[in-house]
Structures are given as structure tokens and as C-alpha cells.
1. Kindly check whether there is at least one residue in the stretch 288-309 that is more than 24 Å from residue 391 (Cβ to Cβ), free of Cβ contacts under 8 Å to residues at least 60 places away in the same chain and in contact with a strand residue (DSSP E or B) (Cβ under 8 Å, 6 or more places away or on another chain).
2. Assigned to a strand (DSSP E or B), closer than 16 Å to residue 28 by Cα, at pLDDT 95 or above and touching a helix residue (DSSP H, G or I) at 6+ places or on another chain (Cβ under 9 Å) - does that describe any residue in the stretch 139-161?
3. Could you tell me which of the residues 159, 184, 165, 205 is free of Cβ contacts under 8 Å to residues at least 40 places away in the same chain and in contact with a strand residue (DSSP E or B) (Cβ under 7 Å, 6 or more places away or on another chain)?
4. Restricting attention to the stretch 1-13, which residues are more than 12 Å from the ligand (Cβ to nearest atom) and part of a helix (DSSP H, G or I)?
5. Would you please name the residue that is nearest to the ligand (Cβ to nearest atom), looking only at residues in the stretch 55-65 that are surrounded by fewer than 24 Cβ atoms within 10 Å (Cβ to Cβ) and in contact (Cβ under 8 Å) with a residue 12 or more places away in the chain?
6. Quick check: anything in the stretch 368-385 crowded, with 22+ Cβ neighbours inside 10 Å, assigned to a helix (DSSP H, G or I) and in contact with a helix residue (DSSP H, G or I) (Cβ under 6 Å, 6 or more places away or on another chain)?
7. Determine whether residue 130 is in contact with a strand residue (DSSP E or B) (Cβ under 6 Å, 6 or more places away or on another chain), more than 12 Å from the ligand (Cβ to nearest atom) and under 19 Å from residue 11 (Cα atoms).
8. Please go through the stretch 190-237 and give me each residue that is part of a strand (DSSP E or B) and within 20 Å of residue 391 (Cβ to Cβ), ordered by number.
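The values are calculated or read from the model by the stated rules, or taken from the named source; none is laboratory data. Since the model is a prediction, treat every value here as computed from it, not as a measurement. With ideal geometry, Cβ positions are generated from the backbone for all residues, glycine too; neighbour counts draw on all protein chains shown.
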Ligand SMILES: C[S@@+](CC[C@H](N)C(=O)[O-])C[C@H]1O[C@@H](n2cnc3c(N)ncnc32)[C@H](O)[C@@H]1O
């Protein structure tokens with residue numbers, strides 16, 4: 001789980017905790033870490049996203065009063081250099097560096113002083129440096145497997161800091177991640193490759209025609225004209241499922257309408273958002289309807305067998321992942337995080353992964369019928385879905 005390059009660098013973060021941080025780093029063009037120690041988590045971010053601009057802040061002083069051997073600036077720098085990670089290291093107390101640090105960044109990682117006062121001050125000083133749509137990670141939130149590493153004051157400080165401008169988006173072990181929201185409602189697209197980007201522009205036009213005021217965010221590897229907010233994320237897989245299955249985490253909206261790039265929106269989505277008064281998630285039925293009845297030859301047999309087995313036979317509704325509405329809630333956060341984890345198990349079929357995630361993570365859901373989102377143009381009531389129009393060679397069907 002822990003990248004092998006990091007194995008020689010001392011640090012206490014577990015593999016899953018580092019994974020939350022590096023996932024959040026993928027869509028951040030810049031990040032500052034408070035508390036670098038020997039540079040392990042800083043290096044993890046730099047290795048994951050080599051193009052990002054990185055800063056590390058640490059006093060690199062004597063930590064014996066806290067019961068552990070402190071690191072030195074030189075040791076941290078040598079570790080980063082050995083791995084080819086470029087970062088600007090700023091030596092000093094976080095509270096002293098904060099007023100001098102004039103940059104706006106896309107990610108702040110807080111892992112320096114772990115008392116209530118230190119953590120509260122770091123959150124107050126550094127979260128305003130995160131730009132709209134950016135992210136915050138805090139390590140040591142909650143109870144670790146090893147009780148000796150428990151830092152209850154961090155949890156207290158984070159819970160007292162929580163506010164409506166930030167949504168919790170991921171959590172694993174004692175790592176917690178938040179997204180800074182830019183609007184109450186908005187539409188989110190994921191578009192990679194020329195065809196998908198063209199399709200996305202057409203879909204945005206169709207959306208603007210029925211909902212001109214709804215902001216649009218696009219996840220892609222280059223800016224796309226027509227987006228109000230860009231989430232630049234390097235390419236991960238041919239079908240961009242690694243990004244799509246993280247829609248909850250990447251979205252900068254309190255309530256999100258996710259749309260595949262090859263959709264055309266036919267009517268105002270307002271009634272769809274209205275359903276979020278009753279539910280965490282709105283999902284629509286896939287034409288396959290019941291998973292156990294599917295006969296698609298292109299589905300991976302091993303994954304089909306495992307999915308049936310893990311869902312008590314697969315006698316379940318099969319969800320289409322092309323049009324989804326969701327709001328922020330702990331249940332939805334758990335479901336979407338599980339979806340991404342299920343996707344990474346095989347990396348083949350995001351809808352099978354979604355079905356397994358829904359099975360294990362019950363949410364309040366409104367299930368809508370097929371005409372909500374269909375490739376049958378005449379039957380489409382909300383979205384016409386021109387399946388495969390945005391597909392790239394090598395992407396899953
Ligand atoms: C838990 S370690 C960081 C571990 C590192 N993020 C990793 O996982 O590789 C905490 C670090 O914060 C630094 N630190 C603690 N209080 C600080 C403060 N007020 N200002 C700056 N650095 C501080 C310590 O020197 C120590 O290196």
C-alpha cells in the first residue's frame with residue numbers, strides 16, 4: 001500500500017491514509033504541507049502529481065518534549081532530492097510562516113502541532129489560503145488503530161472548525177479531507193479526449209438552454225471553454241473512471257448534478273435537485289434493470305461472478321452512472337468513497353462497482369426510471385444519452 005520509494009523514510013501515516021492525501025493531490029496544482037518531519041507525506045504528494053507546486057513548512061526543531069526524535073531540514077531535503085521531488089521548504093513555526101506566505105494554493109495538509117490550540121490556529125491561518133474549489137487534509141483526526149498515537153485534540157479542533165463553506169469528502173484511518181465549496185448547486189462533467197470534450201461542450205450548451213444560471217465544473221486535463229470552474233486532473237485511465245468514481249470528492253458544489261459528457265439535457269434540472277430534499281442520492285435505472293438478468297458479453301466474467309456472489313445473487317436493480325444527483329451527507333460520502341474503492345479493484349466496469357458499493361453502503365435514495373436518462377431519444381424525459389459518442393479507444397464500454 002505504501003509506495004516502495006517511501007519505504008526508507010520514517011513516518012507514521014498508514015497506506016490508506018497516504019492514499020487519501022495523494023488522491024486529493026491529483027487534482028491540486030499546488031499544495032502546502034504543515035508538518036513535514038522527514039518528508040514522507042510531502043514526497044508522496046510530489047510522486048503522485050509531479051507537476052504540482054509544493055511547499056513544506058516545519059520548525060524542524062527538537063521534538064523530544066513530545067516523545068519523538070525530530071527531523072532536520074537537511075534530512076527532509078535529502079529525502080525529497082533522492083526521489084526527485086521538488087518542494088520549497090520553509091523552516092519555522094507554522095504560525096510565524098503563515099503571515100509571510102502570500103500564495104493561494106489548491107491543497108493544504110495540516111499535520112504539524114497536534115494540540116487543540118495549535119490545530120485550531122493552523123486551520124484558522126491556513127484554510128483561507130486555499131482557493132475556491134480547493135481542498136484540505138488533516139491527519140490524526142479520530143481514533144487510530146494504535147491507541148498510543150491517539151490525538152483527540154485534533155478531532156476536537158476540526159469539529160469546532162467545521163463550517164458550511166467546506167464539505168467533508170473523504171476519510172480513511174485518521175486522515176480526513178474536505179473540499180472548499182463554490183456554490184450551492186452546480187453541474188459536474190468529466191471529459192477527457194477530443195470527442196468527450198466536444199460532446200461536453202454540446203451538453204453544456206443544452207444545459208445552459210434550460211438552466212442558464214446553473215454553474216458548471218469540468219474535470220479534465222486541460223481547460224475547457226464553457227466551464228465556470230475547471231478541475232485540472234491528469235489522465236488516469238482511458239475511460240476517466242478514476243475521476244468519475246470520485247465525483248463526490250471532486251465536486252465543488254453542495255448539491256451536484258453529474259452528467260456524462262455525451263448527454264443532452266432536455267428540461268430544467270430543478271425538479272431533480274428538488275428530490276435531494278428527500279434523498280442523499282438520485283440514481284436512475286439502467287436498461288439492464290436487474291443485474292442477474294444481464295447478458296452482456298463485454299462484461300468481465302470474473303468481476304460478474306464476484307459481484308453476484310458479493311450481492312447475494314445480484315437480484316438487484318442495476319444503476320446507470322451517467323446521470324446522478326447527490327447532496328452532502330455522511331452516508332453519501334461513504335457510498336461514493338466505496339464506489340471508487342470498488343472501481344479500483346478491477347478497473348473495468350464502473351457500474352458494477354457502483355452496484356456493489358450501493359449494496360454495502362445504504363443511502364437515502366430516490367430511484368428514477370429509465371426515461372430520466374435514456375439513449376432512446378423519443379422516450380427521454382430529462383436527459384438524452386448518446387451512449388458511446390464520447391468514448392475513446394481503449395475505454396470500457
Ligand atoms: C507528525 S510529524 C509530520 C509527519 C509528516 N507529515 C509525514 O507523515 O511524513 C509533525 C511535524 O510537525 C512539526 N511541528 C510541530 N509543531 C509545529 C509548529 N508549531 N510549527 C512547525 N512545525 C511543527 C514537527 O517538527 C514534526 O516534524
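1. Yes; the residues of the stretch 288-309 include at least one that is more than 24 Å from residue 391 (Cβ to Cβ), free of Cβ contacts under 8 Å to residues at least 60 places away in the same chain and in contact with a strand residue (DSSP E or B) (Cβ under 8 Å, 6 or more places away or on another chain).
2. no
3. Going through 159, 184, 165, 205 in turn, the sole match is 165.
4. 4, 5, listed by residue number.
5. 59
6. no
7. It is false that residue 130 is in contact with a strand residue (DSSP E or B) (Cβ under 6 Å, 6 or more places away or on another chain), more than 12 Å from the ligand (Cβ to nearest atom) and under 19 Å from residue 11 (Cα atoms).
8. Answer for the stretch 190-237, where residues must be part of a strand (DSSP E or B) and within 20 Å of residue 391 (Cβ to Cβ): 190, 218, 219, 220.
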